[in-house]
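Everything below concerns the one structure shown next.
Since every read-out is calculated from the coordinates, none of them should be taken as a lab result. Only a predicted model underlies this, so the values are computations on that prediction, with no experimental measurement involved. With ideal geometry, Cβ positions are generated from the backbone for all residues, glycine too; neighbour counts draw on all protein chains shown.
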Amino acid sequence: MNMPSPSKRTRHFLGLIQGFESVIILMLIVLMMAVVTLSALELAVVLFDKISSPPVLLLNLQELLELLGFFMMVLIGLELLETIKNYLTQHALHVEVVLLVAMIAVSRKVIILDMKETSAELMIGIAILLFSLSGSYYLIKKGMNEPPETTLPDSDTHPKL
């Protein structure tokens with residue numbers, strides 16, 4: 001069944017929408033680059049401040065966790081930038097990249113979490129969330145790596161009942 005081709009007006013309107021999307025995505029990329037740059041600079045400033053204050057070059061556990069939190073924020077920003085870039089070039093969101101961003105964000109939360117003041121329910125919920133995200137990521141990657149089955153099984157290889 002042949003579908004009628006869109007009218008000239010419809011094609012023009014769809015072109016406007018696509019142009020609008022491209023402008024917004026480019027703006028998001030520029031803004032995300034600014035956020036990642038500022039986050040990396042903030043990490044550098046905080047790191048320099050922490051290692052230059054007495055005791056010099058030594059960090060306590062709380063300071064290390066704070067620095068790891070900053071580091072994870074930069075990674076989250078970079079992954080989001082990659083997601084936006086992929087959307088611009090391929091016009092599709094890649095679920096595995098979104099899952100990676102979510103896993104990094106939850107991992108960051110785990111790293112900066114104060115275990116002494118965290119309820120068991122929250123910790124169980126975070127664990128379930130991480131296992132769910134990891135399982136989803138594994139299944140998606142496994143599904144992407146397996147070629148689709150195109151032939152029917154040979155009837156000679158199956159026993160007859």
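Quick notes
- Taken about its Cα centre, region 15-145 carries a charge dipole of roughly 320 debye when the Cβ of each Lys and Arg holds +1 and the Cβ of each Asp and Glu holds -1.
- Out-of-range pairs (alpha-carbon distance over 31 Å; input Lys109/Lys141; Lys85/Lys109; Lys50/Lys85; Lys116/Lys141; Lys8/Lys141): Lys50/Lys85; Lys116/Lys141; Lys8/Lys141
- Distance between the 7 Å Cα→Cβ label points at Asn60 and Ile29: 4.5 nm.
- Most mobile of Glu63, Glu117, Glu96 in a GNM of the chain (Cα contacts under 10 Å): Glu117
- Dividing the alpha-carbon radius of gyration of region 15-145 by the rule-of-thumb value 2.2 N^0.38 Å gives 1.31.
- When peptides 78-88, 9-19 are ranked by their average number of other Cβ atoms within 10 Å per residue, the highest-first order is 78-88, 9-19.
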